[in-house]
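*Asks:* Dumping the structure here so I can ask a few things about it.
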Amino acid sequence: MSQTRLLVLVGSLRAASINRRLAEAAVQTAPEGVDITIYEGLGDIPFYNEDLDVPGQAPVAAQALRDAIGQADGLLLVTPEYNGTLPAVLKNAIDWASRPYGVGALKGRPVAVISASISSNAAKWSHGDAVKALGVAGAEVLADASLNFGGIGQRFVETHPADDAEALTQLAGTVHLLTEAARAHADA
């Protein structure tokens, strides 16, 4: 069996964000034969503008994202909630990866979404917005792999999610389901 490649997009650009830490913990749960990489560089991508999206001339940072998603067997989005919705950097990544329309890097790609916030709402609004945008972009969003963490300001203030047995078990479950879908997609 060949190596399964999963790519993680984190909606918070802050280096020490808890969403970033959740992504790091998810990487640690990778089973044998799975390579999970956290994508760096979302903050370098210009806002989507069709005037910039010219075949063969797309901004380097945007093309690098498209290429990375295109080379991945599956995608994991980890999103906080900013003012009740999806962070602009993550929505922008979805916009770039959805183009060209109908054949973008997200088309048919299995995607799992993890959301986390300090509120008890667990970033469910952001999660819903991510699922909606990904679905419209043509991704195969895995509803059974969804994961929501609420109250992360208290839960993970002194403990990294990788040191929380319950969080690791939940993250491993999401990674497992995404891996199965990614392998099925790659074999299709």
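*Asks:* As an exercise, identify the GluC sites (Glu not before Pro) in the range 1-108 lying in DSSP coil whose Cβ has no more than 12 other Cβ atoms within 10 Å. Kindly include the intermediate steps, with their values, before the conclusion.
*Replies:* On the way: sites: Glu24, Glu32, Glu40, Glu50, Glu81; in loops: Glu32, Glu40, Glu50, Glu81.
The qualifying sites are Glu32, Glu40, Glu50.
*Asks:* Per residue of the range 135-145, what does 6.51 cos²θ - 1.76 cosθ + 1.60 with θ = phi - 60° give for ³J(HN,Hα)? Whole Hz please, x for Gly and Pro, Karplus curve as stated.
*Replies:* x, 4, 6, x, 6, 9, 7, 8, 4, 6, 9
*Asks:* Now for a different question. Accessible area of the chain with a 1.4 Å probe: how many percent of it is carbon plus sulfur? Mind showing how you got there, number by number?
*Replies:* On the way: 4670 of 8930 Å².
After summing per-atom areas, the C and S share lands at 52 percent.
*Asks:* May I ask you to list the trypsin sites (Lys or Arg not before Pro) in the range 8-86 that are in a DSSP loop and have at most 11 other Cβ atoms within 10 Å of their Cβ? The partial results should precede the final answer.
*Replies:* Details: sites: Arg14, Arg20, Arg21, Arg66; in loops: Arg14.
Those satisfying the criteria are Arg14.
*Asks:* Going by alpha carbons, how many degrees (0 to 90, nearest 10) lie between the helix axis of 18-28 and the longest principal axis of the chain?
*Replies:* Its long axis makes an angle of about 90 degrees.
*Asks:* May I pose another question? Which value, in debye to the nearest 20, gives the size of the charge dipole of the range 51-188 about its Cα centre, when Lys and Arg are +1 and Asp and Glu are -1 at the Cβ?
*Replies:* 320
*Asks:* Can you give me the long-range amide H partners of Thr4? Hydrogens built in the peptide plane at 1.01 Å from N, cutoff under 5 Å, separation of 5 or more residues or another chain.
*Replies:* Here the answer is Val34, Asp35, since their amide H atoms fall under 5 Å of that of Thr4.
*Asks:* Using heavy-atom solvent-accessible surface (probe 1.4 Å) with all chains present, what is the largest-first order of Ile38, Ile118, Ile152? Walk me through the numbers before you get to the answer.
*Replies:* Values: Ile38 30, Ile118 130, Ile152 10 Å².
My answer, sorted largest first, is Ile118, Ile38, Ile152.
*Asks:* Given contacts defined as C-alpha pairs under 8 Å and at least six residues apart, what's the relative contact order of the range 36-188, whole-number percent?
*Replies:* Details: 232 pairs, mean separation 34.5, N = 153.
In percent, rounded to a whole number, it is 23.
*Asks:* Leaving out ligands and nucleic acids, and using a 1.4 Å probe, what accessible area per residue does the chain come to in Å²?
*Replies:* On the way: 8930 Å² over 188 residues.
Here the residues of the chain average 47 Å² of exposed surface.
*Asks:* Output the direction-averaged projected area (hull surface divided by four) of the convex hull of the alpha-carbon atoms of the chain, in nm². Provide the component values of the computation, followed by the final result.
*Replies:* Values: hull surface 40.7 nm².
Its Cα hull, projected and averaged over all orientations, spans 10.2 nm².
*Asks:* Report, by chain and number, residues whose modeled amide H sits under 5 Å from the one on Val141, excluding near sequence neighbours (fewer than 5 apart, same chain).
*Replies:* Those lying under 5 Å, H to H, from Val141 are Val111.
*Asks:* Related question: Ser17's amide H: which non-local residues (gap 5+, or another chain) put their own amide H closer than 5 Å, with H modeled 1.01 Å from N in plane and none for Pro or chain starts?
*Replies:* none
*Asks:* What dipole magnitude, in Debye to the nearest 20, does the range 1-115 give about its Cα centre under +1 on Lys/Arg Cβ and -1 on Asp/Glu Cβ? Intermediate values should be presented prior to the final figure.
*Replies:* Numbers: 9 positive and 12 negative charges, 40 e Å.
It comes to approximately 200 debye.
*Asks:* In whole Hz and in residue order, list the ³J(HN,Hα) couplings for the range 115-125 that follow from phi through the Karplus curve 6.51 cos²θ - 1.76 cosθ + 1.60, θ = phi - 60°; x for Gly and Pro.
*Replies:* Karplus values, whole Hz, x for Gly and Pro: 10, 8, 8, 6, 7, 6, 5, 6, 6, 5, 5.
*Asks:* Once ligands and nucleic acids are excluded and a 1.4 Å probe is used, how much of Lys107 is accessible, expressed in Å² to the nearest 10?
*Replies:* 110
*Asks:* Another one. Provide the percentage of antiparallel DSSP beta bridges, counting only those with both residues in the chain; round to the nearest 5.
*Replies:* Working: 1 of 21 bridges.
Taking every DSSP beta bridge with both residues in the chain, the antiparallel ones total about 5 percent.
*Asks:* Just to confirm the filter: which chymotrypsin sites (Phe, Trp or Tyr not before Pro) across the range 25-72 are DSSP coil and have at most 13 other Cβ within 10 angstrom of their Cβ?
*Replies:* Working: sites: Tyr39, Phe47, Tyr48; in loops: Tyr39, Phe47, Tyr48.
Sparse-neighbourhood loop chymotrypsin sites (Phe, Trp or Tyr not before Pro): Phe47.
The values are calculated or read from the model by the stated rules, or taken from the named source; none is laboratory data. Quantities reported herein were computed from a predicted structural model and do not represent experimental measurements. Every residue, glycine among them, receives a Cβ derived from its backbone with ideal geometry; neighbour counts consider all protein chains shown. Protein only, heavy atoms only, side chains kept; ligands, DNA and RNA dropped before computing areas. Shrake-Rupley method; radii C 1.70, N 1.55, O 1.52, S 1.80 Å.
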